[in-house]
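Reviewing the structure listed below.
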Amino acid sequence: MIEIRPFEPARDAGSLARLVAEHDVHYGGSQPDLDDVERRLMALPPGVEILLAVDDRPQQQPVGFASFSILFPTSGAMPLLYLKELYVTAASRRRGGARMLLQSLARIAHERGCTRLEWTTSQENAAARALYDALGAEPMPWKISYRIDGEALNRMAGRRGQRQPQ
């Protein structure tokens with residue numbers, strides 16, 4: 001059985017670091033240094049929250065996570081809950097963990113007075129899109145996601161040639 005609970009750094013940083021690394025590799029990234037990931041998880045930036053999907057077999061092992069923040073202001077000067085990452089291990093998919101994480105986020109959004117829950121997904125991620133459609137989420141074709149990183153971020157920040165954190 002899967003349950004949803006808040007991330008507790010002292011208890012969960014090591015196991016969540018492994019999930020984050022698996023997430024990165026799953027989406028085509030390189031294997032991050034687990035000690036670095038764990039250190040960052042122990043000192044999350046202000047405003048970042050994480051929910052865990054935990055399997056009660058065998059030992060309360062995290063099998064998924066949702067990283068989110070409350071953003072303000074949005075339309076009508078109301079807050080929104082923004083889901084940055086949602087991930088469930090391959091072995092635990094189709095067991096309801098992602099749905100449970102999203103439902104928990106919707107409850108948190110409601111409790112905190114948010115008028116919206118927003119996130120992005122890859123156009124190629126058909127399984128995720130099917131879940132989101134089944135939950136009643138609507139794609140926003142009028143929006144385009146942008147990203148700036150690496151040397152372009154350094155140039156924009158006026159920091160040419162400086163190394164970005166990994």
**Request:** Give me the pairs, please: first residue somewhere in segment 131-155 and touching a residue at least 24 places away in the same chain (Cβ under 8 Å) and among the polar types (S, T, N, Q), second residue anywhere and assigned to a loop (DSSP other than H, G, I, E, B) and surrounded by 10 or more Cβ atoms within 10 Å (Cβ to Cβ), beta-carbon distance under 7 Å, and either six or more positions apart or on two chains.
**Result:** Ser145/Thr120
**Message:** So Leu81 ticks every box in (1) within 21 Å of Ser15 (Cβ to Cβ); (2) under 14 Å from the mean Cα position of the chain (by Cα) but one. Which box is left unticked?
**Reply:** (1)
**Complete:** With criteria (1) among the polar types (S, T, N, Q); (2) part of a loop (DSSP other than H, G, I, E, B); (3) at pLDDT 95 or above, Ser69 comes up short on (2)
**Prompt:** For segment 7-48, which residues satisfy the criterion of being at pLDDT below 95 and β-branched (Val, Ile, Thr)?
**Reply:** Val25
**Asked** Of all the residues that make up segment 1-46, how many are outside any helix (DSSP H, G or I), more than 15 Å from the chain's Cα centre (by Cα), buried (at least 19 other Cβ atoms within 10 Å of the Cβ) and not aliphatic (A, V, I, L, M)?
**Response** 0
**Message:** Could you check segment 91-129 and list, in sequence order, the residues that are over 21 Å from Glu22 (Cα atoms) and either surrounded by 15 or more Cβ atoms within 10 Å (Cβ to Cβ) or more than 18 Å from the chain's Cα centre (by Cα) (or both)?
**Reply:** Ser104, Leu105, Ile108, Ala109, His110, Glu111, Arg112, Gly113, Cys114, Thr115, Leu117, Glu118
**Prompt:** Which residue pairs have Cβ atoms under 8 Å apart, sit 6 or more places apart or on different chains, and have a first residue in segment 51-77 that is without any contact (Cβ under 8 Å) to a residue 60 or more places away in the chain and surrounded by 15 or more Cβ atoms within 10 Å (Cβ to Cβ) and a second that is part of a loop (DSSP other than H, G, I, E, B) and of a type in the set (Lys, Arg)?
**Reply:** Ile70/Arg112
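The values are calculated or read from the model by the stated rules, or taken from the named source; none is laboratory data. Computed from a predicted model, the values in this text were never measured in an experiment. Cβ sites come from the backbone with ideal geometry, for glycine too, and all protein chains shown count toward neighbours.
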